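Shown next, in structure tokens, is the structure this report addresses.
The values are calculated or read from the model by the stated rules, or taken from the named source; none is laboratory data. No experiment lies behind these values; they were computed from the predicted model shown. Note that each Cβ is placed from the backbone with ideal geometry, even for glycine, and that neighbours are counted across all protein chains shown.
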Amino acid sequence: MKTLIVLMVLLFPSIALAGSPQIYAPDGTYLGNLNANPYDPNSVNNPYGRYGSPYAPYSIKNPYGLYGSPYSPLSPNNPYAVGGPIVPFDLPGQSGYTGK
């Protein structure tokens, strides 16, 4: 996860200036910020937050939840999922992700 964030910052420095990248499920559900800040309430790395707790329903770190289970098609932890979560970003002249 940290490698992905570092790679994104190196390849797309405008993302680093704009704030943390966000992750969305294929159904459009917001799943948190992709950053290493354990104090960010929306970070997937906040072990007590809504998106980083292993017990939270919207956390990709909940192995029994819809978005964290290794068996769910909506989870980044399922190696066989066809349409996993996305990390949208803006390119010049394009608008951001609007969800469903």
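Of TYR80, TYR39, which residue is free of Cβ contacts under 8 Å to residues at least 24 places away in the same chain and closer than 17 Å to GLY19 by Cβ?
Values: TYR80 fails: closer than 17 Å to GLY19 by Cβ.
Residue meeting the stated conditions: TYR39.
Take PRO70 and tell me if it is at pLDDT 90 or above, in contact with a Pro (Cβ under 8 Å, 6 or more places away or on another chain) and of a type outside the set (A, V, I, L, M).
Details: at pLDDT 90 or above: yes; in contact with a Pro (Cβ under 8 Å, 6 or more places away or on another chain): yes; of a type outside the set (A, V, I, L, M): yes.
For PRO70, the condition - at pLDDT 90 or above, in contact with a Pro (Cβ under 8 Å, 6 or more places away or on another chain) and of a type outside the set (A, V, I, L, M) - is met.
Taking the options GLY99, GLY84, name whichever one is modelled with pLDDT under 90, on the phi > 0 side of the Ramachandran plot and in a loop (DSSP other than H, G, I, E, B). It would help to see each step written out before you state the result.
Numbers: GLY84 fails: on the phi > 0 side of the Ramachandran plot.
After applying the criteria, what remains is GLY99.
So how many residues does region 38-63 have that are acidic (Asp, Glu) and either surrounded by fewer than 17 Cβ atoms within 10 Å (Cβ to Cβ) or within 14 Å of PRO76 (Cβ to Cβ) (or both)? Spell out how you get there, then give the answer.
The initial filter retains those residues of region 38-63 that are acidic (Asp, Glu), namely 40.
Now restrict to residues that are either surrounded by fewer than 17 Cβ atoms within 10 Å (Cβ to Cβ) or within 14 Å of PRO76 (Cβ to Cβ) (or both): none.
Looking only at that region, the number is 0.
Sort through LEU66, LEU31 and tell me the only one that's on the phi < 0 side of the Ramachandran plot and in a strand (DSSP E or B).
Criteria check complete, one pass: LEU31.
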